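Please read the structure below before turning to the comments.
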Amino acid sequence: MEEMSLKYFWQAGGFGMYEVAAFGITVLIAAIRFAFRPDERQIPFVRAMTAATLLAIACAVSSDVATMLYSVPHISENSADWAGLLLRGSFESLTPACLGFGLLSLAWVIQAVGLRRLAHSMP
C-alpha cells in the first residue's frame, strides 16, 4: 500500500490535475483580488473561471474513471481482484474533484468577503 502523500495524491489524479489546478488557482487569485478591490466588473471573470474549473473537474474525473474501467480487466484476468482494483481506482479518479472543489470553496469564501465589501460600499 502506497503511503498517502501530496505527491501520491497528485500522481493518482493523472494529467487532469494540472488543468484543474491551473483553473482553480486562477479562480483563487481572482477572488483574492476581488476581496481586496471589489469591483462589479470582476465578478463575471470569477464566475466564468469557476465554470471552467468545474468542467475541468468533470473532464479529469471522467477520463480517470474511463481509464480505470478500461485498465482493470487488463491488469488482472482474475475477477476476484477487481473489487480492490476498482476501489483504488475510484479513489484515484476522485482526486481531481477533491483538489478542484477544495480550491473553489476557498475561492468563493474569499469572493464572499469581496461581495460583502462591495455591498457596503454601494450607496
| task | Quick one: among Ala107, Ala83, Ala35, which has the greatest mean-square fluctuation in a GNM of the chain with alpha-carbon springs under 10 angstrom? | result | Ala83
| note | In region 1-92, the GluC sites (Glu not before Pro) that sit in a DSSP loop and have at most 11 other Cβ atoms within 10 Å of their own Cβ are Glu2, Glu3, Glu77
| field | Ellipticity estimate at 222 nm from DSSP helix runs (n ≥ 4, -39,500 (n - 2.57)) divided over the chain, nearest 500 | value | -29500 deg cm²/dmol
| said: With Kirkwood's inverse mean 1/r over C-alpha pairs for Rh, give me the Rg to Rh ratio of the chain, two decimals please. | reply: 1.16
| task | Evaluate the relative contact order of the chain (contact order divided by residue number), counting alpha-carbon pairs under 8 angstrom at least 6 apart; express in whole percent. | result | 42 percent
| query | Among the helices of the chain (complete DSSP H runs), which have Cα atoms covering no less than 15 Å along the helix axis and a Kyte-Doolittle mean of at least -1.0? | reply | 16-36, 43-75, 82-121
| query | Expressed as a whole number of Å, what is the distance separating the alpha-carbon centroids of region 70-123 and region 1-60? | reply | 10 Å
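Since every read-out is calculated from the coordinates, none of them should be taken as a lab result. Worth saying up front: this structure is predicted, and the values here are computed from it rather than measured. We place every Cβ from the backbone using ideal geometry, glycine too, and count neighbours over all the protein chains shown.
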